[in-house]
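Heads up: the structure comes next, in structure tokens.
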Amino acid sequence: MSNATQLIHSIPVDPQTGAIAVPIYQTSTFVQDAPGVNKGYDYARTNNPTRATLEQIVAQLEKGHTGIAFGSGLAAIDAVLKLLKSGDEIVAVDDIYGGAFRLFTQVYEKFGIKVHYTDTTRAENVFNAITPNTKLIWLETPTNPTLKISDIAAIAQIAKANRCLLCVDNTFASPALQQPLSLGADLVVHSATKYLGGHSDLIAGIVVAREKELGDKIKFIQNASGAILAPFDSWLVIRGIETLHLRVKQHSANALEVARFLEQHPLVDKVFYPGLASHPNHEIAKKQAKAFGGVVSFTLKNDTEEAAIQFVTHTRLFKLAESLGGVKSLLCHPANMTHKSIPAEKRRASGVADSLIRLSVGLEEAEDLIADLEQAFTANLISSPVNAAALQN
Ligand SMILES: *Cc1c(COP(=O)(O)O)cnc(C)c1O
């Protein structure tokens, strides 16, 4: 059976009523027959049937044992970090999501957890950064926003040999394209706000553990700390996931067309998209993922914040907003938006140039999206003599 068919039928029919949609259990507590004698649920922070259904669906999608749904992607990341103790160290991808960087440096460093950032596209860099105190390796692949690809299977072997956990933030690929647990990772996290939810209408996060033991630890942390996903939002994510395969396939096809358009555009300097043969990690991307996702980034020949701001304020279909993975196309200027909390020097060093623009390519017709970008380039050209000069050079 194909993955899409399997997914659609992993969403259970309600055994009590036959409802084809998952019921929303909007309740805080569950009546017990005698103290401790219940129907599997006692209090909705610990467990809720709607959330549990979502957790089972995502665990199955990621080929893991346990899913745990959180109130945001960052709450999911936070729960994984709580596996560590003071003195432990993390080796993390250098081009890390800005919010994760802020959490690592401004919250966890003061509890004595040290993070080494390295370019994980070369597996040997991970190996070299490991110390006897390293307990966790943190990958994002593709990364945000420069779409770097790391070899999950190779880094999983390094993790295993050094008794570290490997956690992969799989937000950008989604389990429809890439399943890190099958490649040897121990944990996967998602911002379900993005492709899993898929409609820009909620904030949610998920952790999936490959093994029961680790899943139990995260479930304990969640119950102890309380950052659960509400029943209605759990239901919305389930509803989004029903069309995950279809959406991600179209996001990927549209993104590839947009990337090819950008690659030949005279005002564009670099295009970052793992589906392009020119991408430095194209081969490994092809090996570990079914397609290349809906995010495309690019820089301008005129590499200034001003030129980028000009551009992002002149598109019509691409809306200027943080986030990605929804039906409507979005664009953002990471230096001033998602990556503002990273110091400029560090940001530039990890490849996020001043003019870098990130597109979340939506589900509109690709030709309409390309026409929108073309008219924004034209507007940019007319309004900026610097761009006109760049074109002539
Ligand atoms: C958005 C995002 C997060 C954070 O998720 P929230 O749901 O916004 O808390 C984490 N990782 C990546 C790669 C993201 O894009």
Original post:
Considering the stretch 320-331 alone, what residues qualify as being open to solvent by less than 50 Å² (accessible area, probe 1.4 Å) and within 11 Å of the ligand (Cβ to nearest atom)?
Top reply: Ser323, Leu324, Gly325
Original post:
Could you list, in sequence order, the residues of the stretch 62-80 that are closer than 18 Å to Ser182 by Cα and within 15 Å of the chain's Cα centre (by Cα)?
Top reply: Glu62
**OP:** Quick one: count up the residues across the stretch 6-23 that are within 20 Å of His245 (Cβ to Cβ) and open to solvent by less than 60 Å² (accessible area, probe 1.4 Å).
**Re:** 6
**OP:** Could you tell me whether any residue of the stretch 37-53 is under 14 Å from Lys219 (Cβ atoms), within 15 Å of the ligand (Cβ to nearest atom) and at pLDDT 95 or above?
**Re:** no
Subject >> Meets criteria (of a type in the set (D, E, K, R), outside the structural domain of Gly73 (by TED's automatic domain parsing) and more than 14 Å from the ligand (Cβ to nearest atom)) for Glu257 >> reply: yes
Original post:
Across the stretch 336-363, what is the total count of residues that are open to solvent by 10 Å² or more (accessible area, probe 1.4 Å) and of a type in the set (A, V, I, L, M)?
Top reply: 6
Original post:
Can you find even one residue in the stretch 152-163 that is within 30 Å of Ala321 (Cβ to Cβ) and crowded, with 23+ Cβ neighbours inside 10 Å?
Top reply: yes
Subject >> Test set (1) farther than 27 Å from Gln250 by Cα; (2) in contact with a Cys (Cβ under 7 Å, 6 or more places away or on another chain) - Val189 fails condition number >> reply: (1)
Original post:
Could you count how many residues in the stretch 207-237 are hydroxyl-bearing (Ser, Thr, Tyr) and surrounded by fewer than 21 Cβ atoms within 10 Å (Cβ to Cβ)?
Top reply: 1
Original post:
Has the stretch 299-319 got any residue that is within 16 Å of the ligand (Cβ to nearest atom) and in contact (Cβ under 8 Å) with a residue 12 or more places away in the chain?
Top reply: no
Original post:
Going by the conditions given, is Ile68 crowded, with 17+ Cβ neighbours inside 10 Å, in the same structural domain as Cys164 (by TED's automatic domain parsing) and touching a helix residue (DSSP H, G or I) at 6+ places or on another chain (Cβ under 6 Å)?
Top reply: yes
Original post:
Can you tell me which residues in the stretch 277-300 are in contact with a strand residue (DSSP E or B) (Cβ under 8 Å, 6 or more places away or on another chain) and of a type in the set (Asp, Glu)?
Top reply: none
Original post:
Can you tell which of Val107, Val93, Val115 is among the β-branched types (Val, Ile, Thr) and surrounded by fewer than 17 Cβ atoms within 10 Å (Cβ to Cβ)?
Top reply: Val107
Original post:
Picking from Ile8, Ile77, which residue would you name as being under 18 Å from Leu166 (Cβ atoms) and assigned by TED's automatic domain parsing to the domain that holds Val188?
Top reply: Ile77
**OP:** Taking the residues in the stretch 165-180 that are among the hydrophobic types (A, V, I, L, M, F, W, C) and open to solvent by 10 Å² or more (accessible area, probe 1.4 Å) as candidates, determine which candidate is nearest to the chain's Cα centre (by Cα).
**Re:** Phe172
Original post:
Is it true that some residue in the stretch 190-205 is surrounded by fewer than 24 Cβ atoms within 10 Å (Cβ to Cβ), of a type outside the set (A, V, I, L, M) and away from the ligand (no atom under 16 Å from the Cβ)?
Top reply: no
Original post:
Within the stretch 236-253, is even one residue more than 30 Å from Asp372 (Cβ to Cβ), at pLDDT 95 or above and part of a helix (DSSP H, G or I)?
Top reply: yes
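The values are calculated or read from the model by the stated rules, or taken from the named source; none is laboratory data. This one's a predicted model, so the numbers in the text were calculated from it and none came from an experiment. Here the Cβ is made from the backbone with ideal geometry for all residues, glycine too, and neighbour counts use every protein chain on show. Surface areas here come from the heavy atoms of the whole protein model, side chains and all, with no ligands, DNA or RNA. Shrake-Rupley method; radii C 1.70, N 1.55, O 1.52, S 1.80 Å.
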